[in-house]
Amino acid sequence: MGKNIVLVGLMGAGKTSVGKLLSKKYKLKCVDVDEFMEFSLGMTISEVFSQYGESSFRELEKDAIKVLSQKTDNIISTGGGALENEENIRNLQRNGVLVYLKTSPETLYERVKNQKHRPLLQNENPLGTLENLLNKRENAYMKADFVVETDGKSLENVAKEIGELCKL
Ligand code: S3P
């Protein structure tokens, strides 16, 4: 294969879960940018946000992406905000085929509503937050090489579709 498969999209799109499935199905290594950061920093993403704030998180995320995008033959699951930064897009594109897991805010909300580990959604109106973030980020997500809709699909079917599109 050579290139990385880079999964992008909003929180709840299934990037981490689909990444792990793809890795198992096609025997490829997989790395999740948030998990890599948590491991290297020895802190959870929520702790990074609460102790240092979002802009420091974004700097650390940029450094992590720079390192991870040097890999080849990996599945890379990004955090939902990764493509807000042009440098991240360039780094991820250099060795990677980008796949946008396109999902409606309603579906995203259903998937994340009982989870507590995403600082940006710990507020009164997480659905509204998801809608706003989608408006802000969709242009960047649409720069992906492939767009896979995930509404109403199982993780297995999403992984299968990606496998076919990327000729894994
Ligand atoms: C974020 C998404 C999260 C994580 C952080 C910020 C975002 O990753 O990077 O909480 O800005 O959308 P997931 O998309 O994997 O939940």
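List of remarks:
- Remark: the chain carries a charge dipole of roughly 640 debye about the Cα centre, counting +1 on each Lys and Arg Cβ and -1 on each Asp and Glu Cβ.
- Members of K116/K153; K15/K153; K102/K153; K15/K102; K66/K102 lying beyond 20 Å, as alpha-carbon distances in this model show: K116/K153; K66/K102
- Cα centroid separation, segment 91-168 to segment 15-43: 15 Å.
- Gyration tensor (alpha-carbon) shape descriptor, the chain, a/c threshold 1.5: oblate
- Net charge of neighbours whose Cβ lies under 14 Å from the Cβ of G53, counting Lys and Arg as +1 and Asp and Glu as -1: -3
- DSSP-defined antiparallel bridges as percent of all bridges, the chain, nearest 5: 0 percent
- Theoretical gain in end-to-end length, D73 to S17 [0.36 nm per residue, Cα-Cα removed]: 18.4 nm
- Using a Förster distance of 35 Å, the FRET efficiency for L120-K27 (Cβ separation, nearest 0.05): 0.55
- Counting Lys and Arg as +1 and Asp and Glu as -1 over every other residue whose Cβ lies under 13 Å from the Cβ of T103, the net charge comes to -1.
No lab work stands behind these numbers, since they all come straight from the coordinates. All figures in this text were calculated on a predicted structure; none of them were measured in a lab. As a convention, Cβ positions derive from the backbone with ideal geometry for all residues, glycine included, and neighbour counts pool all protein chains shown.
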